[in-house]
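This report concerns only the one structure given below.
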Ligand code: G3P
């Protein structure tokens, strides 16, 4: 068997290709950013053809850097920004519209109507999700209702619907010549259209949203020994390699962090921040604003579920401080700026830029910076910016402890922001649990590689994957209980000030 596994990570800001060896170590990597398109406030789009071009480029780039060929890979896995939605012509590969990104709020009116008719939790029992602009279902309805010809084309079978892993798998396995039209259970569980218990599209919800079933992809396990097809000989790999692993990026990080046991959790600090807790083989309903979602499924085995706390803005707040305020030149500088002071000087920032996701689910919220006095300076603001991510995570952990009735005892972390020592210390301080970073912090790609590698027998079981996980650094809390409680109470007051802004 070939010696390596490759994984595509089609993320919110860039596309990457990483090749791993048997120990789960990175052999080579290439990455390319794509444009963020903001046609009006609250709307976010990506050019799906640009993303496919970039994906091909990074595959070729990573192989070239390591002097490898496509045939050196035993299998390919895909991981992706979740919920982002595309409708395209399957005869030409031409999108009907730009991809509508998970952050986009254009389906606000659709969601408002759904909520007015049946309440925000009307689909929760079946799908695990509240009605929110975040999920793909309302985005699909928006495209079918607003883009010329899209509904008719889906109805007559010439157009198909998919999230980003579906798009990339379709392209890799032949595209318009007959690419596979599939979605894995984890991505399907983010559409608000899949029944968590049957793992099939739910006809009642499809009827309510007016989405034709025939346009949707086939739902498959995340690690699938019945490969969805080999890559094309004339594609970027120049070889026929099985494509047989796919996971939404947050679930991929859970797998990459080897959180295979009930009660194990990870938090990924990227554009947003996503905390997932493995709850085992039965879906655990949330009464405290989390979502119930699929963690992963290996073909022939029972699906594994998790509770998720989704935070829309984490690293994106640091980017905003860099791009919109100009306080820093590069994102990592936020740490140096914040380190100059010992506390936030009374300043709190709540980045409710597109409303608040978990555990509040308030589309009417908008960001605030509060507690300002003439004493406050840019260092306090920088610190409050980092604290915003730590406190948003604390909100999620509080909800998770209530929902699962087992207190989180440690938190595995990954994603770009875990290089920020101060943030990790703040996180340990406000949570009062150890925060642990693994040696391989590219857990998202690693999870997708694991899914593909398991499917072809490159790795034999989850225990073998667990042995690859190695700790790099642990942060312990250094904060007094009194300070912790006082800071969190102020955070709660700041969150309250974001609510009802649009009402
Ligand atoms: O649900 C959205 C999430 O999948 C986006 O992840 O890492 O691309 O910001 P990321």
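From 486, 419, 407, grab the single residue that is loosely packed, with under 15 Cβ neighbours inside 10 Å, within 28 Å of residue 343 (Cβ to Cβ) and within 22 Å of the chain's Cα centre (by Cα). Can you show your working first?
On the way: 486 fails: within 22 Å of the chain's Cα centre (by Cα); 407 fails: within 22 Å of the chain's Cα centre (by Cα).
The conditions single out 419.
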### Query
Got a sec? Which of 160, 169 is more than 27 Å from residue 118 (Cα to Cα) and either within 16 Å of the ligand (Cβ to nearest atom) or in a strand (DSSP E or B) (or both)?
160
### Query
If you check residue 282 against the conditions, is it surrounded by fewer than 22 Cβ atoms within 10 Å (Cβ to Cβ) and either closer than 21 Å to residue 130 by Cα or within 13 Å of the ligand (Cβ to nearest atom) (or both)?
yes
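Out of 207, 229, which single residue is without any contact (Cβ under 8 Å) to a residue 40 or more places away in the chain and either surrounded by fewer than 24 Cβ atoms within 10 Å (Cβ to Cβ) or in contact with a strand residue (DSSP E or B) (Cβ under 7 Å, 6 or more places away or on another chain) (or both)?
Values: 229 fails: without any contact (Cβ under 8 Å) to a residue 40 or more places away in the chain.
Matching residue, one of 207, 229: 207.
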### Message
What are the pairs with Cβ atoms under 6 angstrom where one residue, in the range 38-50, is under 15 Å from residue 107 (Cα atoms) and the other, located anywhere, is not in a loop (DSSP other than H, G, I, E, B)? Sequence gap at least six, or different chains.
### Response
45/37
### Task
For the range 120-128, state whether one or more residues are within 16 Å of the ligand (Cβ to nearest atom) and at pLDDT 95 or above.
yes
## Note on the structure
Only one of 255, 243 is surrounded by 24 or more Cβ atoms within 10 Å (Cβ to Cβ), more than 16 Å from the ligand (Cβ to nearest atom) and within 19 Å of residue 78 (Cα to Cα), namely 243
### Message
Condition first: over 23 Å from the mean Cα position of the chain (by Cα), in a loop (DSSP other than H, G, I, E, B) and touching a residue at least 40 places away in the same chain (Cβ under 8 Å). Can you find one or more residues in the range 103-119 that meet it?
### Response
no
### Task
Quickly run through the range 73-95 and pick out the residues that are in contact with a helix residue (DSSP H, G or I) (Cβ under 8 Å, 6 or more places away or on another chain) and within 17 Å of residue 30 (Cα to Cα).
76, 77, 78, 79, 80
### Message
Please pick out the residue among 365, 316, 331, 338 that is under 30 Å from residue 40 (Cα atoms) and part of a helix (DSSP H, G or I).
### Response
316
### Task
Give me the pairs, please: first residue somewhere in the range 302-317 and touching a residue at least 12 places away in the same chain (Cβ under 8 Å) and within 17 Å of residue 13 (Cβ to Cβ), second residue anywhere and part of a helix (DSSP H, G or I) and near the ligand (Cβ under 10 Å from one of its atoms), beta-carbon distance under 7 Å, and either six or more positions apart or on two chains.
315/416
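The values are calculated or read from the model by the stated rules, or taken from the named source; none is laboratory data. Please read all numbers here as calculations on a predicted model, not as lab measurements. Here the Cβ is made from the backbone with ideal geometry for all residues, glycine too, and neighbour counts use every protein chain on show.
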